[in-house]
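Here's the structure, in structure tokens; my notes come after.
Read-outs: derived from the displayed coordinates by stated rules, not from any lab. These numbers were taken from a predicted model, which means no experiment stands behind them. We place every Cβ from the backbone using ideal geometry, glycine too, and count neighbours over all the protein chains shown.
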Amino acid sequence: MQDVQAALTAVMSLLPAGVRYPPELLSRFDGRAPFDREHLGYLCNGGEAGAYNQWLTLLARHSGAGRIVELGNRYGVSTIALYCGLKNTQELISIDVVQDQRYLPDQVRNDSRVRLVYGDCLNLSIFGLHNVTVPCNIDILWTDTVHCYSQLKDEFNVYEPLLSDEAIIAIDDINLNDKRRFFDEAPFAKFDFTRHCHVSGFGVLHYVRPPENRGESIDARESQCHPEMVAPASSYRWLRASTRCLRILQTEMAQSQCCLPWCSHSRCLSKRFDTRRLPAVGVGSASETPQ
Ligand SMILES: C[S@@+](CC[C@H](N)C(=O)[O-])C[C@H]1O[C@@H](n2cnc3c(N)ncnc32)[C@H](O)[C@@H]1O
């Protein structure tokens with residue numbers, strides 16, 4: 001990957017101009033359905049609600065990354081964002097425990113640069129189950145799964161050996177629950193792009209492997225993370241983290257402090273989105289309103 005700091009600077013300078021997504025990538029959104037319009041807004045609106053998707057597109061396009069791994073892709077919105085920036089030399093591996101990537105058009109699903117993997121991302125055996133090689137030398141790790149410190153820490157422990165010697169770790173929603181603790185503790189150069197990218201927090205780490213561990217073979221690194229990655233243990237961890245997160249989020253909702261970025265209550269929607277700015281799309285439609 002090219003110089004990480006230079007890549008981040010380039011992305012931030014291009015972000016204000018925004019990204020326009022080609023209509024064929026938006027063809028699975030039903031422009032008449034509020035739910036779909038909400039998710040389309042995450043992609044197209046930019047600003048504090050959804051600029052992180054446009055940031056991801058620009059990062060893929062301008063970072064010179066080879067391998068990008070996405071943890072948590074629900075409905076495929078951020079997957080479309082990454083895909084839109086993908087060059088021919090790049091590869092995107094996207095993982096979710098739920099098989100519902102409803103907005104992903106066939107163009108993305110059938111692209112040989114893209115691999116969709118289903119299962120708990122903490123369990124590396126899911127790759128083998130999908131005939132996908134465990135991704136090594138990851139240049140960009142984008143994580144947006146359960147919004148808890150423990151989940152993020154577990155993900156780092158599992159994927160750190162698989163990162164390139166220098167990599168970008170992009171973390172959504174760092175200000176939700178106790179997630180920020182991970183960002184604050186991380187001993188790497190860090191950038192809080194919340195103001196530019198996402199109202200609930202958006203953090204980026206410039207991971208640099210310690211000199212003494214650089215240059216290890218992929219086999220050696222892979223063997224560091226395989227032994228403890230047995231399904232029951234990680235599934236349990238995931239369940240525990242999810243249950244805890246759910247409890248925290250339910251409390252937030254009860255206190256009317258809903259900050260779920262995907263909440264589709266009309267009250268929250270109207271706070272977050274200016275739906276007039278959305279491109280006009282319909283099921284199977286390839287039209288886009290010029291802005
Ligand atoms: C907030 S959503 C992702 C949204 C998506 N990144 C976007 O911006 O459009 C979180 C997703 O993480 C998934 N998830 C939660 N825990 C996971 C785990 N341990 N492994 C894989 N996926 C997980 C959930 O199924 C859910 O689809």
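Worth pointing out:
- Inter-part distance where segment 61-89 and segment 194-210 are each reduced to a Cα centre, Å: 16 Å
- When each of the peptides 49-60, 65-76, 129-140, 154-165 is scored by how many other beta carbons lie within 10 Å of its residues on average, the order from highest to lowest is 49-60, 65-76, 154-165, 129-140.
- Given +1 at the Cβ of Lys and Arg, -1 at the Cβ of Asp and Glu and no other charges, the dipole of segment 42-189 around its Cα centre is 400 debye to the nearest 20.
- Within segment 110-212, DSSP assigns beta bridges of which about 70% are antiparallel (rounded to the nearest 5).
- Relative contact order, percent, segment 138-221 [alpha-carbon distance under 8 Å, six or more residues apart]: 32 percent
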